[in-house]
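Each remark here refers to the structure printed beneath this line.
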Amino acid sequence: MTVMDPRDVFHQEARELLDQLEEALLDLGTSSDDRDLVDCAFRALHTIKGSGAMFGFDEVAGFVHEFETAFDRVRKGSVAVSPPLVQVALAAKDHIARLIAEPGLHAADGETILKKLRAIVSSDEDSGRSDSFAPADAQASAAEPSRVQSPLQTWRVKFRLAENALVLGANPVLLLNELRELGPCEVSVAVDAVPPLESIDSEVCYLDWEVVVSTDRPRQAIDDVFIFIADGMELSIETLAGTVAESPRDDKAATTKAVDVDKPRDSTGAGAKGGTSVRVAAERLDELMDRVGELVIAQARLSQLAVASDDGNLKNVAEEMERLASSLRDTTMGIRMVPIGSLFGRFRRLVHDLSHDLDKEVDFVTAGEDTELDKTVIERLADPLVHLIRNSIDHGLEVPSRRIAAGKAARGQVRLSAVHTGSEVAISIVDDGAGLDADRIRAKAEEAGLIAPDAKLADHDLFQMVFHPGFSTAKEITALSGRGVGMDVVKRTIEGLRGRIDLGSRPSGGTTVTLRLPLTLAIIEGMLVRVGQGRYSIPLSAVEECVELPRDAEAGNSGRNFLNIRGHLVPFLRLRELFKTRTAIEPHQKVVIVSAGESRVGLVVDQVIGNSQTVIKSLSKLHADVENFSGATILGDGTVALILDVAHLVSFGQEFESRLRDERIGRAA
Amino acid sequence: MSKSVLVVDDSASIRQMVSLTLSGAGYATLEAIDGEDGYAKATANPIRAVVTDLNMPRMNGIEFIRKFRAHPSSTGVPIIFLTTESDEDMKRQAKEAGATAWMVKPFKQDQLLAVIKKVAGP
């Protein structure tokens, strides 16, 4: 495994610590006297400072130091945690993040934040500024004996270690070696203090040493040899010519031996958080997933060979391989899964800030934090969710006065939850605000020419209008939302993740947005179909059922492009026409009914081959604008099959059908 | 099996920096993420020296030092603690708990090596 640059590790670590800090601060906003939270915030700060200084982030270390000093009165309990304090501490946290991200650009902003903080924590602004952060150099002298040359001098060094020094790890051999490094030494030892054999404690050092050393190094160099063990030891250093006597070091406090009688606790079961985890660069996981994907493909080829062969041994091996490959695939996918809670945590700050900026009181409730999703999915979900939560608070929730007038509690609620449903995860954002205003949406949609003025639309279809680019019903543009960019981007992002988005709303009962996302992006179960000579994979999660194409529709006269599926009309697309396949029409065509969101469409194919593990390979940039296909996969026999873009085909099918209908109506008129 | 220097720090970056520096100089190293982990590893492995942070979650460095010193396997094992400032009170507490030496952050790699060499030998 390649080792990450410690500075990169620091970046990552700082992010995590800042998250921890933010969480603790936000929690302090609600339970302001929780000492553990204060300590947790402090610890995070302290670690950032320490590591920051180590890796050259001096601005960070300096600012955090000042911040810590100012915050110290909170830690000591002499200043209570208040909302303004939390606010300024959050600002400081953001400032630290900026200092780390872009060193050298923001240093000046720090003072404003510190001033605010100091104003809050100290009624008597006496000191103003603490002694600034300067790395102390206690060990500097110990570690780098200054190479200052002094005239050659001879010293007599007498020392006796403290009684417990050996136990505590002092090593006289090393001390003597260090003295020898200063210059030629004569070492003699006195054994006067050694007790009779029977009362010797093998862990106590009874010897007195006398070392005569000649060195051109200053006196300090000799002191430094004993820097760590000076407490409780007897040490005298004198020049042989003169008499620079040295009494036992000032600090008489003999180091007390630890008398902790705690039984050593068995810590094997202590669920070490992260203790048994390994940090791996994300690209390596992607690489691993790629390899496993290829292995699965190779295994499929092997299985195919085995099926065609009479060799029983080959069949056995192929079966074994199949089992192993599929469990390896599951394990690998499992590695990529992370709980969505890490993402939810980020929104607490967003809600806190929004509620502050908009003067709306908001309870933010989350559920299902343990729900796991592919890492990539989670990363790409962040922006859409920010947008949706913003919408809920800005547009959805009413101001307190209006809520009270409507008979609701003054505090609004936004609920973010995640739950597993089959091979999908459903994430919903529910608010108890005013709900979508169907009349406004209709008016807007008519104004934008999206619907005919007299069109009859169910609310559900009307709500879909908000996903059109540039569609916004916000009366005024706030800094937060109402710019009309957004819902279309949200929808695109979710669909890019092969997910779906649904909107539901009740007048004055609030809005529910549900995102349905596949568990993983890398490997899916696909249904393999044949159209002409080509084979295509349809994501199985989108397939609802397969039916025979009725004989009267088989001929391909486009007079009727609907199927009656248990009383519902479902439009269908002839893929052979769509793909301009030139082979003769085959009898017994099949229709695969696929769905995206609430819409369904049938895809007419020549043959349904069966299920297959589909390892998704994205198309090259050259093919980025190819519609109808979302990617490609390699089949068991090594040939390539394209993966159908169901969401696109469904909307295309629906549009195609309504166009046909309009034409027919036009002809009839 | 050669004895390891145990590096105890909740900060992954410092832990890694200390470990890399030490292993670069030929010391075998072992890492622990906090005092509790440190105690478990210090008492289960042959340890040559300990480098520990003081400020850590779950079990802080001072408690860790105290607990480790109460365990017989700590005899003669030097413990170096890392501290952010030359905070005399912290230093005193750590020394009372049984620490051998200390380093003030930030430090350079050769300073770290010098201190290790000083207390644990080359």
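The values are calculated or read from the model by the stated rules, or taken from the named source; none is laboratory data. Just so it is clear, the structure is predicted and the values come from calculations on it, not from any experiment. Because the Cβ atoms are built from the backbone with ideal geometry, glycine has one as well, and the counts that use them run over all protein chains shown. Remember, those area values only see protein heavy atoms, side chains included, never the ligands or the DNA or RNA. Shrake-Rupley method; radii C 1.70, N 1.55, O 1.52, S 1.80 Å.
Below, the figures for the structure above:
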quantity: Residue count for segment A:275-285, restricted to those that are under 26 Å from A:L519 (Cα atoms) and either free of Cβ contacts under 8 Å to residues at least 60 places away in the same chain or open to solvent by 80 Å² or more (accessible area, probe 1.4 Å) (or both); calculated: 6
quantity: Condition met for B:T100 (within 7 Å of another protein chain (Cβ to nearest Cβ) and open to solvent by 50 Å² or more (accessible area, probe 1.4 Å)); calculated: no
quantity: Strands (runs of 3 or more DSSP E) completely within segment A:557-635 that count 1 or more residues being over 29 Å from A:E294 (Cα atoms) and modelled with pLDDT of 80 or more; calculated: A:562-565, A:568-574, A:590-596, A:599-605
quantity: Verdict on B:P106 being at the interface with chain A (Cβ under 8 Å from one of its Cβ atoms) and in contact with a Pro (Cβ under 6 Å, 6 or more places away or on another chain); calculated: yes
quantity: Test: residue in segment A:163-172 that is surrounded by 11 or more Cβ atoms within 10 Å (Cβ to Cβ), at negative phi, outside any loop (DSSP other than H, G, I, E, B) and out of contact with any Gly (no Cβ under 9 Å at 6 or more places or on another chain); calculated: yes
quantity: Residue selected from segment B:109-122 under the condition within 13 Å of the chain's Cα centre (by Cα) and closer than 13 Å to A:F228 by Cα, by the criterion farthest from the other protein chains (Cβ to nearest Cβ); calculated: B:I116
quantity: Subset of segment A:440-477 [of a type in the set (S, T, N, Q), modelled with pLDDT under 65 and open to solvent by 40 Å² or more (accessible area, probe 1.4 Å)]; calculated: A:T473
quantity: Criterion violated by A:D266 - all others in (1) open to solvent by 90 Å² or more (accessible area, probe 1.4 Å); (2) modelled with pLDDT of 85 or more; (3) over 26 Å from A:T376 (Cβ atoms) satisfied; calculated: (2)
quantity: When residues of segment A:204-240 are limited to those that are modelled with pLDDT under 80 and among the small types (G, A, S), the one most open to solvent (accessible area, probe 1.4 Å); calculated: A:G232
quantity: A:S541 crowded, with 17+ Cβ neighbours inside 10 Å, under 22 Å from A:V570 (Cβ atoms), at pLDDT below 80 and not aliphatic (A, V, I, L, M); calculated: yes
quantity: Of residues in segment A:636-658 being modelled with pLDDT of 80 or more and closer than 21 Å to A:E294 by Cβ, the one surrounded by the most Cβ atoms within 10 Å (Cβ to Cβ); calculated: A:I643
quantity: Qualifying residues in segment B:54-90 (those that are of a type in the set (S, T, N, Q) and open to solvent by less than 30 Å² (accessible area, probe 1.4 Å)) - the one modelled with the lowest pLDDT; calculated: B:T84
quantity: Inter-residue pairs, beta-carbon under 6 Å, first within 14 Å of chain B (Cβ to nearest Cβ) and in segment A:24-43, second in a loop (DSSP other than H, G, I, E, B), 6+ apart; calculated: A:R43/B:N55
quantity: Test set (1) at pLDDT 75 or above; (2) not in a loop (DSSP other than H, G, I, E, B) - A:A142 fails condition number; calculated: (1)
quantity: Which numbered condition A:L521 fails, given (1) modelled with pLDDT of 85 or more; (2) outside any helix (DSSP H, G or I); (3) crowded, with 18+ Cβ neighbours inside 10 Å; calculated: (1)
quantity: Selection count where residues are in contact (Cβ under 8 Å) with a residue 60 or more places away in the chain and among the basic types (K, R), scope segment B:47-99; calculated: 1
quantity: All positions within segment A:217-233 that are of a type in the set (A, V, I, L, M), facing chain B (nearest Cβ under 10 Å) and assigned to a loop (DSSP other than H, G, I, E, B); calculated: A:I227, A:I229
quantity: Condition check for A:S428: closer than 25 Å to A:R516 by Cβ and at pLDDT below 80; calculated: no
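Listed here are the residues, each with its yes/no results for (1) hydrophobic (A, V, I, L, M, F, W, C); (2) under 14 Å from the mean Cα position of the chain (by Cα).
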site	(1), (2)
A:G334	no, no
A:M337	yes, yes
A:S342	no, yes
A:L350	yes, no
A:D353	no, no
A:D359	no, no
A:V362	yes, no
A:V365	yes, no
